[in-house]
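This report concerns only the one structure given below.
The values are calculated or read from the model by the stated rules, or taken from the named source; none is laboratory data. Quick caveat: nothing in here was measured; it's all calculated off a predicted structure. Virtual Cβ from ideal backbone geometry, glycine too; neighbours counted across all protein chains shown. Ligands, DNA and RNA are excluded from the accessible area calculation, which covers all protein heavy atoms including side chains. Shrake-Rupley method; radii C 1.70, N 1.55, O 1.52, S 1.80 Å.
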Amino acid sequence: MRRREFLIGAAALGAAGSTLTSGVAAQESAARARIVIAGAGAAGLALASRLRRQMPNATITLIDAKKEHHFQPGLTLVAAGLWQPADVTERNADYVPRGVEWIEQAVTEFDPEAKIVVTDKGQRISYDFLFVATGLMLDYKAIAGMDVSLIGRNGIASIYAGPAQAAASAAAIDHFIQAGGVGLFGRPAGEMKCAGAPLKITFVTDDKARRANRRGAVKLIYNAHAPALFAVPPVNEKVKKLFSEREIAANYNHVLKAIDPGAKRATYTTPSGDVTLDYDFIHVVPPMRAPDAVRNSPLPWKSGALAADGWIEADKATLRHPRYPNVFAVGDIAGVPRGKTAASVKWQVPVVVDNLVAETAGSTPRKTYNGYTSCPMVTAIGKAMLIEFDYDGKLTPSFPFISPLEELWVSWLIEEKGLKGAYRAMLRGQA
Amino acid sequence: MSDFNPVSLFYILYESFGVWLWILLTLAVLLLAGVFASARKRLRVGGSLKRPFIAAFVVCGVVAALMTFVVPYWTLASPSALSAGIDYLFAFLAALIPGAIAGGITFMFVSRMCPPCRTSTS
């Protein structure tokens with residue numbers, strides 16, 4: 001009998017006993033499974049918290065060398081000059097639940113055939129179930145001439161690289177507004193986390209320029225990677241309308257290929273060939289890919305749109321790997337359409353945990369993830385649109401009294417005051 | 001909204017406010033205790049609660065109405081950010097917190113004010 005089947009059988013007996021004594025349908029599993037979580041970001045920590053609570057007998061190992069934890073949804077507010085880097089910087093140690101072993105090393109190799117992960121210090125860790133939650137890699141070097149160290153210099157901003165870079169971006173935006181000139185914005189062509197953020201920072205720059213009575217001195221151009229500004233049609237129409245009202249120009253099918261920081265020139269790939277634009281300020285959003293450890297493993301998609309960047313093959317409803325059924329991909333690394341936001345993680349984690357609990361307790365996993373993601377699209381300081389949608393691009397508002405396509409202060413209230421608490425509660429498995 | 005329940009909402013509030021949540025809850029309990037004590041004392045001396053209640057209600061309403069336009073600053077925005085009815089509603093609901101504090105203090109103060117005291121002691 002294979003170990004996994006044995007575990008399931010043993011756990012089913014345990015769960016049955018538990019149900020008889022408690023009289024309540026089991027939401028826990030007594031399985032003594034060895035569970036490895038690769039990555040201690042939003043998904044990894046939320047998984048660890050829920051698994052610890054719902055699988056009390058399991059051995060849970062969290063692997064990540066990173067000690068700092070960044071509340072990434074807050075990076076836009078840091079770049080807006082409203083929050084400080086300290087407001088989005090915490091310690092992973094504060095969120096690792098008791099009873100979870102945290103190995104402070106990086107995973108460098110996944111061997112799903114042998115059910116082993118290998119760390120950068122050569123430690124080999126076996127598992128019965130693996131949750132891959134490594135997050136993604138920001139590939140700044142894929143843009144010729146670009147480097148993280150340039151952020152904050154020569155009119156270059158980028159809010160994705162981290163809190164310090166977001167703060168440097170805030171200073172770059174302020175300097176640009178005072179100096180005037182042309183500001184370029186845009187996003188990469190592939191899958192990316194928080195696809196609304198490039199639009200948010202465009203709106204924030206516009207708003208800050210207006211507040212400083214400098215809007216006439218700056219020309220803002222958004223270079224969309226596709227024929228639309230946003231993938232969800234009603235949101236795209238709304239953003240187009242706002243851009244038009246605010247005199248933000250848009251180019252379509254422009255993908256940033258190279259920058260010349262000295263000459264302040266950016267080159268874009270377009271269907272009609274390369275186009276070079278002069279700038280005084282540019283917000284660079286790097287291409288995003290799977291980390292090397294994942295890309296070099298058997299886990300990514302072998303073909304299709306998600307294969308090139310190494311996203312992990314996963315059933316989009318269950319996030320389970322079709323070729324390795326004891327492997328799940330959660331968060332940014334999951335090779336599913338959309339779903340690279342903290343809001344997605346909030347909905348993904350209960351699905352995979354409840355399904356594993358059900359499976360190891362001997363019942364049928366039934367939970368599914370519908371692709372829910374959310375983007376509180378900041379359109380000015382004090383205003384946002386609370387946009388939520390699913391795999392089909394269908395708007396799925398959580399609050400019936402909040403119109404998703406209306407610029408509202410109450411949506412800003414959720415962004416500025418509500419999200420961080422909800423995020424922390426999610427990390428602790430309580431929301 | 002199916003995933004919002006009192007437990008998760010409590011955790012979200014706790015994670016948002018940290019130790020301030022307990023301080024605020026303690027102050028709220030103390031204020032409530034003060035209001036009840038004042039009300040009981042006034043009833044014991046034969047006074048009516050109508051006047052302190054009306055005074056508290058008016059003060060609460062006025063303070064909340066004024067604070068509605070201050071609440072956006074708490075979110076690093078300005079009052080001009082309020083535009084739709086739902087914005088004003090939520091700002092007013094948030095402003096009810098200082099409004100309730102002012103109303104509670106007013107209730108205690110008016111409860112102890114002289115007219116019923118004079119009536120009861122004369």
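First select every other residue whose beta carbon is under 12 angstrom from the beta carbon of A:ALA167; then total the charges, Lys and Arg +1, Asp and Glu -1.
Details: positive: none; negative: A:ASP87, A:ASP174.
Summing Lys/Arg as +1 and Asp/Glu as -1 gives -2.
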* For the stretch A:140-286, with only Lys/Arg (+1) and Asp/Glu (-1) charged at the beta-carbon, what is the dipole magnitude about the Cα centre, in debye rounded to 20? -> 280 debye
* Structure fact -> Treating only Lys and Arg (+1) and Asp and Glu (-1) as charged, each at its beta carbon, one finds that the stretch B:8-122 has a dipole about its Cα centre, in Debye to the nearest 20, of 900 debye
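With +1 on each Lys and Arg Cβ and -1 on each Asp and Glu Cβ, how big is the dipole of the protein assembly as shown about its Cα centre, in debye rounded to the nearest 20? Don't skip to the end; give the middle numbers.
Details: 58 positive and 44 negative charges, 356 e Å.
Roughly 1720 debye, rounded to the nearest 20.
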* **Kirkwood Rh, angstrom, the stretch A:221-337 [1 / mean 1/r, Cα pairs]** => 16.8 Å
* Asked: Can you tell which of A:GLY382, A:GLY152, A:GLY339 shows the greatest fluctuation in a Gaussian network model of chain A with Cα springs below 10 Å?
  -> A:GLY382
* Going from most exposed to least, what order do A:THR89, B:THR75 have by accessible area with a 1.4 Å probe? -> A:THR89, B:THR75
* Asked: From the residues A:GLY273, A:ALA249, A:MET288, which one has its Cα farthest along the dipole of the stretch A:237-339 in the positive direction, the dipole being from +1 and -1 charges on Cβ of Lys/Arg and Asp/Glu about the Cα centre?
  -> A:MET288
* Greater than 28 Å apart at Cα, pairs in A:LYS67/A:LYS367; A:LYS241/A:LYS420; A:LYS141/A:LYS394; A:LYS200/A:LYS257; A:LYS264/A:LYS346 -> A:LYS67/A:LYS367; A:LYS241/A:LYS420; A:LYS141/A:LYS394; A:LYS264/A:LYS346
* Report the antiparallel proportion of the DSSP beta bridges in chain A as a percent, rounded to a multiple of 5. => 50 percent
* Asked: Once the Cα atoms of helix A:42-54 and of chain A are each reduced to a long axis, what angle between those two axes, in degrees from 0 to 90 to the nearest 10, is obtained?
  -> 20 degrees
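Can you give the local net charge around A:GLY216? Use residues other than it whose beta-carbon is closer than 10 angstrom to its beta-carbon, Lys and Arg +1, Asp and Glu -1.
Taking every Cβ under 10 Å from that of A:GLY216, the sum is +3.
Please report the relative contact order for chain A, taking Cα pairs under 8 Å with a sequence separation of at least 6, and give it as a percent rounded to a whole number. Mind dumping the intermediate values first?
Working: 959 pairs, mean separation 76.7, N = 431.
RCO, chain A: 18 percent.
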* Asked: Distance from the Cα centre of the stretch A:183-250 to that of the stretch B:50-113, in angstrom?
  -> 37 Å
* Asked: A:ASP120: accessible area at probe 1.4 Å, nearest 10 Å²?
  -> 80 Å²
* Structure fact -> Here the stretch B:79-92 yields Karplus 3J(HN,Hα) values (6.51, -1.76, 1.60; θ = phi - 60°; whole Hz; Gly and Pro given as x) of x, 5, 5, 6, 9, 8, x, 5, 5, 5, 4, 5, 5, 5
* For labels at A:ARG366 and A:GLN123 in the simple 7 Å Cα→Cβ model, what's the distance in nm? -> 3.9 nm
* With all protein chains modelled, accessible area of B:SER16 [1.4 Å, Å²] -> 50 Å²
* Asked: For chain A, modelled as a Gaussian network with Cα springs under 10 Å, which listed residue fluctuates most, A:ALA329, A:ALA179, A:ALA40?
  -> A:ALA179
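What does the charge count near A:PHE176 come to, summing +1 for each Lys or Arg and -1 for each Asp or Glu among other residues with Cβ under 15 Å from its Cβ? Don't jump to the answer; show the numbers that get you there.
Details: positive: A:ARG153, A:LYS208, A:ARG210, A:ARG211, A:ARG214, A:ARG215, A:LYS219, A:LYS264; negative: A:ASP174, A:ASP206, A:ASP207, A:ASP278, A:ASP280.
Result for the local shell: +3.
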* Are there trypsin sites (Lys or Arg not before Pro) in the stretch A:272-334 that DSSP puts in a loop and that have at most 12 other Cβ atoms within 10 Å, and which ones? -> A:LYS302, A:ARG323
* With all protein chains modelled, accessible area of A:ARG246 [1.4 Å, Å²] -> 40 Å²
* Evaluate the distance, in nm, between pseudo-label points positioned 7 Å from the Cα of A:LYS316 and of A:ASP139 along their respective Cα→Cβ axes. => 2.2 nm
* Accessible area, 1.4 Å probe, largest first: how do B:TRP20, A:TRP409 sort? -> B:TRP20, A:TRP409
* **Cα long-axis angle, helix A:3-22 against chain A (0 to 90 degrees, to the nearest 10)** => 80 degrees
